[in-house]
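Below: the structure, in structure tokens.
Computed from the coordinates by the stated procedures, all read-outs in this text should not be read as laboratory data. Predicted model, so just to flag it, every value in this text is computed and none were measured. For neighbour counting, all protein chains shown are included, and Cβ atoms are generated from backbone atoms with ideal geometry for every residue, glycine included.
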Amino acid sequence: MADDVKAATVDDDTILDDIEDLPEFTTPPSGAYLVSLDKGIEEKKINNEPYYDVQMVIKSLVSVPETGLHEGEKLPKEGDMFNFIFNRANEFGMGNFKKFCMPIREKFGARTVGEIKEKAKGLEMLIVLKRKAKKDKQKNVIEGEYVLEFVNGEIA
């Protein structure tokens, strides 16, 4: 309903720049973010291989230095999204998935992947991302570009 009220206030005299932009799918720069795992941890097939997919929705920018932005890059905004994917068919993907899940396990005492997936849905957490250069320009996935660090004790 709130969105209907907002839309109703736009008329012919509204300045276009005053209309909010839609959330974007982004590759955020290094920094600290409060994110929500609205969909939790989903299982997907990519190129016929099994993956865990974790979509994160940015709730707020906690600390994002503008010095880390590429030329012409804008800071992400609330509602923008990004994903981490973990290849379930190799040890690198599963090792990174385990590192990703450890703070969730510690916070909730979850032991199995199923329990962690259950607890992750809708979870809000503070994360720190560190951008690294891509090694393979052909890849369009975030894995290998970022190091995910959970700030222990700050998971909501």
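Key figures
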item	result
Interchain or long-range residues, amide H under 5 Å from residue 80's placed H	24, 58
Low-density loop positions, trypsin sites (Lys or Arg not before Pro), segment 79-131 - DSSP coil, at most 10 other Cβ in 10 Å	111
Entries in 45/74; 77/119; 77/117; 44/121; 98/119 that, when Cα-Cα distance is taken, lie over 20 Å	45/74; 77/119; 77/117
Karplus-derived 3J(HN,Hα), 6.51/-1.76/1.60, for each residue of segment 108-124, Hz, glycine and proline x	10, x, 6, 10, 9, 4, x, 5, 5, 4, 5, 6, 6, 5, x, 5, 9
Bins of 5 Å from zero: percent of alpha-carbon pairs in segment 1-130	2, 9, 15, 18, 17, 14, 10, 7, 4, 3, 1, 0
Whole-Hz couplings from phi, Karplus 6.51/-1.76/1.60, listed for segment 19-29; x for Gly and Pro	7, 5, 6, 6, x, 10, 8, 10, 10, x, x
³J(HN,Hα), Karplus 6.51/-1.76/1.60, whole Hz, each residue of segment 82-94, x for Gly, Pro	8, 10, 10, 10, 10, 6, 7, 9, 9, 5, 5, x, 6
Cα radius of gyration and Dmax for segment 65-133 (Å)	15.1, 44
Segment 19-83: GluC sites (Glu not before Pro) falling in loop per DSSP and having at most 14 other Cβ within 10 Å	20, 24, 71, 73, 78
